[in-house]
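The values are calculated or read from the model by the stated rules, or taken from the named source; none is laboratory data. Keep in mind it's a predicted model, so treat the numbers as computed, not measured. Backbone-built Cβ (ideal geometry, glycine too); neighbour counts: all protein chains shown.
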Amino acid sequence: MTNYRQLADKEIATLTVYGCSAENWKNVNVVEDFSPNYFSNVHFSGEIYLGKYDKVFELPGGVKKHSGIFNCHLHNCKISDDVFIDKIHNYIANYEIEAGAYLENIHLIVTEGSSTFGNGVRLATMIESGGREVSIYDNLSAPIAYMMVFYRHNKALIEQLDKAVLNYSNQQRSTFGKIGKDVRIINCGSIKNVRIGDFSVLDTVATLENGTICSNESAPVILGSGVQCNDFIIQSGTLITDAAMVTRSFVGQGCIIGKQFSAIDSLFFANCQGLHGEAVSIFGGPYTVTHHKSTLMLTALYSFMNAGSGSNFSNHMYKLGPVHQGITERGVKTSSNSYIMWPAKIGAFTTVLGTHKGNPDISDLPFSYLIENNGESHLLPGINLHSAGTIRDVQKWPKRDLRKGNGKLDPICFDFLSPYTINKALSGITILKELLSKIEEGNQSIWFQNCKIKRSAIRKGIELYEMAVDLFIGNSISNRITDSSEQPGKGDWVDMVGLIAPKQEIENLTQKIVSEKMNVEAIQNELLSIFDNYAEFSWNFADYLIQNRTEKEFKDLSSSEIKELTEKAQKANSTFNDLILRDAKKEFNTVSRTGFGIDGDENDKNADFEATRGTFDEHPFVKEIINNK
């Protein structure tokens, strides 16, 4: 604990000579080896605590500035050692500033009244008019938010979650703001009721009000030019710049928000990116990405999602207000100028092209193409399973995890074929077989959920879904773990925007949250425990599938039966990889070479293409697929 003393008369005299003044010098407290040499034009009011200032800051371009306090008004502040403060145009009030912070040319820094610094702010997520509110806090994770938003039917659970967040928020309540160690705040506007974590960089930020910046040394937060944030939480390792506007929103770890992007009442979890466009009342699960000016993301759940330019998700078909919502499950992509009218539910890893106003629910037909043809929605079930683009996305997500250090809040399973998607594929097989039996003789298509599906597409979808199931079983056998005495995972599964888990495990947790009145930290630990056991749960699900096929548990299978399953999986894997390679090869065909060799002949075109794009056989993605065959 730091010991403070009052200023000596000689120190007061020196400070006065340097243009400093005080409402009451007796309220200015200093450390024992305090020196007044690096102060100028400072007015002190309220209770002040000062450290010693020996550090020299080295700035870009070779400029050096000695720590100290200059040209400002401090009110009720505690300033730790080796801090530089200069040109605060109004004042700094009710703030603790930790060692090594650098503050220069700032309009105002103030904590007014009692603040929770953004903790407990309620967002109108998914539905603009309310009904799925989520209370944000500085350690919020995607699956906890998922329960808050989508389990509204469980009133006891929602009450306990709200109470737990309220209790946590009240623990953060203070009349003092905080600026952490080695923070840089330069050329900024007004900062009001904001808690700023260690190593944050704020450069030419416009306004910040009522929020927390969860920065640390291994994952600093950077806020740049013209940024405006109100009622917010910003998690570690995140970059927000270029006049982005964040209002009543949570921005998770490793996110990038910029290029005038606007977000209101929205959640963005790990590794989301929002550039140019607009988000209103969205639940952005991990890796939700939009990079285009004309893209509007509205009132929906997104996860591992890539929105094409001009994509529009509309809830404007309302009579009682903006009450419609959309669900896009993991891995959905939209093409340029695509349009979906909510309500709708789009299945995992589905690609959407064109305009769709029929409110489809195709969640049990994953890995599909939803395309527009002459104003109608046409569905190609399962076709996205062998898309090279889909597989490339799956491979790149773990490599593009921008979260750094320990304490990753969002538990993320990256598996392409997981118990969740395989359950969906099994439902798809049942649906498609039923549709096939209903197609009248002579008809080549049938309608399902306002989508037209061709007979040939149904047969192909069944074939692809069955291939996916075989692949999953084969992968599970090759990675199998020791049989567990317990067998969780054999039933339905849920994807809580990253956390893929047995539904029964989540239901058990929701009951425990209510009965034990769990706090937010305990809930997070339980979710991380479920995540840690994913491999075991997944194997139990695979064993369940094997039992359905063989009427035996895996441990009771003969070697010949195991060999039969393995050979079937190997055949599926070979077919799968061949389909992926065939799709990838389209990027090297004659059409793809258009525009190459601009001033030459056919030989120049091919040489230019190969010099620029390489060859099919040498492409890293192709080589990786071949190695996995």
Q) Give me the pairs: first residue in region 42-64 and within 14 Å of Asn27 (Cβ to Cβ), second residue part of a strand (DSSP E or B) and among the charged types (D, E, K, R), beta-carbon distance under 6 Å, and six or more apart or on different chains, which are they? A) Tyr49/Lys78
Q.
All but one of (1) out of contact with any His (no Cβ under 9 Å at 6 or more places or on another chain); (2) assigned by TED's automatic domain parsing to the domain that holds Phe44 hold for Asn94; state the number of the condition that does not hold.
A. (1)
Q) So which residues in region 180-204 are touching a Cys at 6+ places or on another chain (Cβ under 7 Å) and without any contact (Cβ under 8 Å) to a residue 24 or more places away in the chain, if there are any at all? A) Leu202, Thr204
**Q.** Among the residues listed as Gly277, Gly237, Gly177, Gly285, the single one being free of Cβ contacts under 8 Å to residues at least 40 places away in the same chain and of a type in the set (Gly, Ala, Ser)
**A.** Gly277
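Could you please give the count of residues in region 62-114 that are of a type outside the set (Lys, Arg) and more than 37 Å from the chain's Cα centre (by Cα)? Break it down stepwise before answering.
Our first condition is that a residue be of a type outside the set (Lys, Arg); within region 62-114, this holds for 62-63, 66-77, 79-86, 88-114.
Still in the list and also more than 37 Å from the chain's Cα centre (by Cα): 62-63, 66-76.
Final tally of qualifying residues: 13.
Would you mention how many residues in region 81-95 are assigned to a loop (DSSP other than H, G, I, E, B) and either in contact with a helix residue (DSSP H, G or I) (Cβ under 9 Å, 6 or more places away or on another chain) or surrounded by fewer than 21 Cβ atoms within 10 Å (Cβ to Cβ) (or both)?
Residues of region 81-95 assigned to a loop (DSSP other than H, G, I, E, B): 81-83, 89-91.
If we keep only those that are either in contact with a helix residue (DSSP H, G or I) (Cβ under 9 Å, 6 or more places away or on another chain) or surrounded by fewer than 21 Cβ atoms within 10 Å (Cβ to Cβ) (or both) too, we end up with 81, 89-91.
Going through region 81-95 one residue at a time, the tally reaches 4.
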Q: Those residues that are in contact with a Lys or Arg (Cβ under 8 Å, 6 or more places away or on another chain) and either assigned to a loop (DSSP other than H, G, I, E, B) or under 13 Å from Gly285 (Cβ atoms) (or both), I need them from region 139-158; list them, please.
A: Val149, Phe150, Arg152
Q: Give the residue, chosen from Leu161, Leu103, that is surrounded by 20 or more Cβ atoms within 10 Å (Cβ to Cβ) and part of a helix (DSSP H, G or I).
A: Leu161
**Q.** Matching residues, region 369-397, being over 28 Å from the mean Cα position of the chain (by Cα) and in a strand (DSSP E or B)
**A.** Glu372, Asn373, Glu376, Ser377, His378, Leu379, Leu380
Q) Quick one: is Ser200 surrounded by 19 or more Cβ atoms within 10 Å (Cβ to Cβ) and of a type in the set (S, T, N, Q)? A) yes
(Q) Just the residues that are surrounded by fewer than 17 Cβ atoms within 10 Å (Cβ to Cβ) and either touching a residue at least 40 places away in the same chain (Cβ under 8 Å) or on the phi > 0 side of the Ramachandran plot (or both), please, taken from region 438-451. (A) Gly442, Asn450
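Given the options Ile233, Ile191, Ile186, name the one that is among the aliphatic types (A, V, I, L, M), closer than 19 Å to Leu527 by Cβ and either in contact with a His (Cβ under 6 Å, 6 or more places away or on another chain) or in a strand (DSSP E or B) (or both).
Values: Ile191 fails: closer than 19 Å to Leu527 by Cβ; Ile186 fails: closer than 19 Å to Leu527 by Cβ.
From the options Ile233, Ile191, Ile186, the qualifying one is Ile233.
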Q | Residues located in region 297-313, provided they are surrounded by fewer than 19 Cβ atoms within 10 Å (Cβ to Cβ) and part of a strand (DSSP E or B) | A | Asn312
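May I ask you to verify whether Glu434 is over 16 Å from Gly331 (Cα atoms), of a type in the set (Asp, Glu) and in a helix (DSSP H, G or I)? Give the derivation first.
Details: over 16 Å from Gly331 (Cα atoms): yes; of a type in the set (Asp, Glu): yes; in a helix (DSSP H, G or I): yes.
Judged against the criteria, Glu434 is a match.
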Q | Search result, residues across region 545-568 that are in a helix (DSSP H, G or I) and within 14 Å of Arg480 (Cα to Cα) | A | Leu545, Ile546, Phe554, Lys555, Ile562, Leu565, Thr566
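Suppose the filter is over 30 Å from Gly389 (Cβ atoms) and either under 40 Å from the mean Cα position of the chain (by Cα) or in contact (Cβ under 8 Å) with a residue 12 or more places away in the chain (or both); does Asp543 pass it? Explain how you work it out, then say what you get.
Numbers: over 30 Å from Gly389 (Cβ atoms): yes; either under 40 Å from the mean Cα position of the chain (by Cα) or in contact (Cβ under 8 Å) with a residue 12 or more places away in the chain (or both): yes.
Judged against the criteria, Asp543 is a match.
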Q: Exactly one condition in (1) closer than 22 Å to Ile562 by Cα; (2) modelled with pLDDT under 95 is not met by Gly491; state its number.
A: (1)
(Q) Anything in region 347-368 that is surrounded by fewer than 19 Cβ atoms within 10 Å (Cβ to Cβ) and assigned to a strand (DSSP E or B)? List them, or say none. (A) Leu353, Thr355, Asp361
Q | Filter result for Ala206 (aliphatic (A, V, I, L, M) and touching a helix residue (DSSP H, G or I) at 6+ places or on another chain (Cβ under 8 Å)) | A | no
Q) Quick check: anything in region 229-237 over 21 Å from the mean Cα position of the chain (by Cα), farther than 30 Å from Ile530 by Cβ and not assigned by TED's automatic domain parsing to the domain that holds Ser529? A) no
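Give the number of residues within region 519-576 that are among the hydroxyl-bearing types (Ser, Thr, Tyr) and closer than 26 Å to Ile625 by Cα.
First, the residues of region 519-576 that are among the hydroxyl-bearing types (Ser, Thr, Tyr): 529, 534, 538, 544, 550, 558-560, 566, 574-575.
Cutting the leftovers down to closer than 26 Å to Ile625 by Cα gives us 534, 538, 566, 574-575.
Residues in region 519-576 being among the hydroxyl-bearing types (Ser, Thr, Tyr) and closer than 26 Å to Ile625 by Cα: 5 in total.
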(Q) I'd like to verify a number: residues in region 438-473 that are in contact with a strand residue (DSSP E or B) (Cβ under 7 Å, 6 or more places away or on another chain), basic (Lys, Arg) and modelled with pLDDT of 95 or more, how many? (A) 3
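Output the residues belonging to region 546-585 that are small (Gly, Ala, Ser) and either farther than 18 Å from Thr390 by Cβ or in the same structural domain as Tyr465 (by TED's automatic domain parsing) (or both).
At the first step, the residues of region 546-585 found to be small (Gly, Ala, Ser) are 558-560, 569, 572, 574, 584.
Correct list: Ser558, Ser559, Ser560, Ala569, Ser574.
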Q) Looking at (1) outside the structural domain of Ile422 (by TED's automatic domain parsing); (2) part of a helix (DSSP H, G or I); (3) touching a Lys or Arg at 6+ places or on another chain (Cβ under 8 Å), can you tell me which one Phe596 breaks? A) (2)
